[in-house]
Amino acid sequence: MAEAVSVAAESFAGGRARGARSVLGQVVLPGEELLLPEQEDAEGPGGAGERPLSLNAGARSRVRVICGPGLRRCGDRLLVTKCGRLRHKEPGGGGGGGGVYWVDSQQKRYVPVKGDHVIGIVTAKSGDIFKVDVGGSEPASLSYLSFEGATKRNRPNVQVGDLIYGQFVVANKDMEPEMVCIDSCGRANGMGVIGQDGLLFKVTLGLIRKLLAPDCEIIQEVGKLYPLEIVFGMNGRIWVKAKTIQQTLILANILEACEHMTSDQRKQIFSRLAES
């Protein structure tokens, strides 16, 4: 980790822009400018065809790039705004050099991102709008019409203090975050008011991303211990419910402790719990 930081610092101090493909998984620093190969360029990352990533409509490149957390558009450039590791997700069609780029970093406060599924707490009701605490700098707004089957006559039964699982449709620095509990087809798809029972606890944002990774084995191992219901929020909140209070507390303690455990340590704990 220290070597990666020193390499990034040397590159930043020397004013050299680095190719995005060549630094995937490596540390990037705020203020760095990223380069991306041309879509037609066959020389690969680091070749002579690399140029500053162009994101404006008049650009020659047909590559479509989406900027995630930690990256910012500045004219026709892509700048790093957070210190962390650069990550990339290929587009749906695969190839082409486009897709989603973001910086994986550790931070305490959650910053709303459009499309994120989060767990919120209803704190107030103002007319037809609910105010929901999502752990950000300001509460999010949630309309009573943003539930499946909701109409002016058929209003959802939402009370102050209820837990809400929904997603952001508006999230930027200049506007109040806005949540909905339906997908693009108008279906709840698992979103809405979470049951009264269960336990809500908070973990780090890094642990949430780790648990939601496709290759994460922790959830599979936890599911073999007890029958459970579990909801993950990208804002660092987890809601879990098992048959008994004791099992619920055990599951919560395991999930909190898994962040700093190795694979062997997890296996030992799961084997002990399975025997008991």
Options 232, 207, 257, ranked by Cα towards positive dipole end of segment 199-275, top entry (Cβ charges):
232
Solvent-accessible area per residue for segment 199-275 at a 1.4 Å probe radius, Å²?
56
For segment 116-193, what proportion of DSSP beta bridges, expressed in % and rounded to the nearest 5, is antiparallel?
90
Taking H as built 1.01 Å from N, whose amide H comes closer than 5 Å to the amide H of residue 35, not counting residues under 5 places away?
18, 19, 20
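Among the lysines in segment 199-275, how many pairs, 8 or more places apart or on different chains, have alpha carbons under 18 Å apart?
Here the count comes out as 6.
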Heavy-atom accessible surface of segment 116-193: percent carbon and sulfur, 1.4 Å
46
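Counting only heavy atoms of protein chains, what accessible area per residue, in Å², does segment 116-193 have with a probe of 1.4 Å?
Ligands and nucleic acids excluded, the figure is 53 Å² per residue.
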Most packed first (mean Cβ within 10 Å per residue), the peptides 193-201, 261-269 order as 193-201, 261-269
With +1 on each Lys and Arg Cβ and -1 on each Asp and Glu Cβ, and nothing else charged, work out how big the dipole of segment 199-275 is about its Cα centre, in Debye to the nearest 20.
200
Just to verify a number: FRET efficiency for residue 188 and residue 263, C-beta to C-beta distance, R0 = 41 Å, to 0.05?
0.70
To the nearest 20 Debye, how big is the dipole of segment 135-276 about its Cα centre, given +1 on the beta carbon of each Lys and Arg and -1 on that of each Asp and Glu?
260
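So for segment 199-275, averaging the separation of alpha carbon pairs under 8 Å that are six or more residues apart and normalising by length, what relative contact order in percent results?
34
The values are calculated or read from the model by the stated rules, or taken from the named source; none is laboratory data. Since this is a predicted model, take the numbers as computed values, not measurements. Here Cβ is always computed from backbone atoms with ideal geometry, including for glycine, and neighbour counts include all displayed protein chains. Areas reflect the complete protein model, heavy atoms only, side chains present, ligands, DNA and RNA absent. Shrake-Rupley method; radii C 1.70, N 1.55, O 1.52, S 1.80 Å.
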